[in-house]
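One structure is given below, encoded as structure tokens.
The values are calculated or read from the model by the stated rules, or taken from the named source; none is laboratory data. Predicted, not measured: the structure shown is a model, and the values here were computed from it. Heads up, the Cβs are rebuilt from the backbone with ideal geometry, glycines too, and the neighbour counts pull from every protein chain shown.
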Amino acid sequence: MKIGMCMFLWTTRVGPEHQALLSDIRATGFDGVEIPVFEGAPADYRRLGSQLDALGLARTAVSAIGDPALDLISPDATVRRRAVDRMRWVLDCTAELGADRVSGPLHSVLGQFSGSGPTADELSRAVESQQQIGEHAAKVGVTVGLEALNRFECYLVNTMDDLAALVRRIGHPNIRAMYDTFHANIEETDPIGALTRNRAEVVHIHISENDRGVPGRGNIPWADTFAAIRSIGYDDWLTIEAFGRGLPDLAAATKVWRDFAESPEAVYRDGFAHITAHLARNA
């Protein structure tokens, strides 16, 4: 198992100015970090990859789509083409970073709603777009972990069953699913069953408390969650995703209006201890 820390807690663009923080994350015991991919050029991510190599940190990537002009399920074919091109850029940056996966709600626009649930046409357009994305992902050696988000953040896929069904329709080995404990806690009547039923599609897991704060301090059923992770034979990244108020735009997008921990250090240090303790119990 590999333990990661998502850099969303501090920034959407990691650079040399984060050297001391990255060093402390490594010293805490993390195997790697999750790097946001929202801006810059592939060469920037190549340089960041070298910085992480020097620290002994592996890495994954995370991204999202916030611009309605880049809507992968739009009825406008021109909009969809631009959206697919943007995803190709995300994949190129991820590959240059030296990461083998990028995860997130990379199926539809974050925070955009139609006023009803997904239509058959929208799901068909999602399949078509993701198949094109999968072709480029295979070329650059990256897997996409699509994420089911709660109903307050998206409407295309809210549950793991719906996400897994979409992934199966896409039918591309480089388009898979991510399980996030925060979203599952909101949308699933049985969060553990949602993971175990869909084990074949899951390529990445986010460890996130019900309030987006320090893992282990909230009401996520952690003992059952870690037991389920072991039971399905998952042996890959467990990445802490938490949010704070340091970045106003990101705080607004994630609806963070208060501090969830006494410090960022508490999030990653106590979160790491939380994960390692549960892994030891389920060894």
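A few points about this structure:
- Of all residues in region 146-155 being surrounded by fewer than 23 Cβ atoms within 10 Å (Cβ to Cβ) and not charged (D, E, K, R), the one that is nearest to M87 (Cα to Cα): Y155
- The residue that is modelled with the lowest pLDDT, among those in region 241-274 that are in a helix (DSSP H, G or I) and in contact with a helix residue (DSSP H, G or I) (Cβ under 8 Å, 6 or more places away or on another chain), is L250.
- Yes/no for G193 being loosely packed, with under 15 Cβ neighbours inside 10 Å and not in a loop (DSSP other than H, G, I, E, B): yes
- The one condition from (1) within 19 Å of M5 (Cβ to Cβ); (2) out of contact with any strand residue (DSSP E or B) (no Cβ under 8 Å at 6 or more places or on another chain) that A242 does not meet is (2).
- So N158, is it surrounded by fewer than 20 Cβ atoms within 10 Å (Cβ to Cβ), under 16 Å from the mean Cα position of the chain (by Cα) and either outside any loop (DSSP other than H, G, I, E, B) or at pLDDT 95 or above (or both): no
- Of the residues making up region 1-22, those that are without any contact (Cβ under 8 Å) to a residue 40 or more places away in the chain and exposed (fewer than 14 other Cβ atoms within 10 Å of the Cβ) are G15, P16, E17, Q19, A20.
- Any hit, region 9-27, residues being within 26 Å of A277 (Cβ to Cβ), modelled with pLDDT under 95 and among the hydrophobic types (A, V, I, L, M, F, W, C): yes
- Test for E135: is it out of contact with any helix residue (DSSP H, G or I) (no Cβ under 9 Å at 6 or more places or on another chain), assigned to a helix (DSSP H, G or I) and within 30 Å of N210 (Cβ to Cβ): no
- Pairs, first in contact (Cβ under 8 Å) with a residue 12 or more places away in the chain in region 124-144, second charged (D, E, K, R) and surrounded by 22 or more Cβ atoms within 10 Å (Cβ to Cβ), C-beta under 9 Å, six or more apart: V142/R101; T143/R101; T143/R176; V144/R101; V144/R176
- Selected residue [closer than 23 Å to D249 by Cα, in contact with a strand residue (DSSP E or B) (Cβ under 9 Å, 6 or more places away or on another chain) and at pLDDT 95 or above] from G98, G49, G104, G134: G104
- Qualifying residue in region 228-240 (condition: over 20 Å from T28 (Cβ atoms), more than 18 Å from the chain's Cα centre (by Cα) and in a loop (DSSP other than H, G, I, E, B)): yes
- Residues satisfying the stated conditions in region 71-86, i.e. under 18 Å from the mean Cα position of the chain (by Cα) and buried (at least 24 other Cβ atoms within 10 Å of the Cβ): L72
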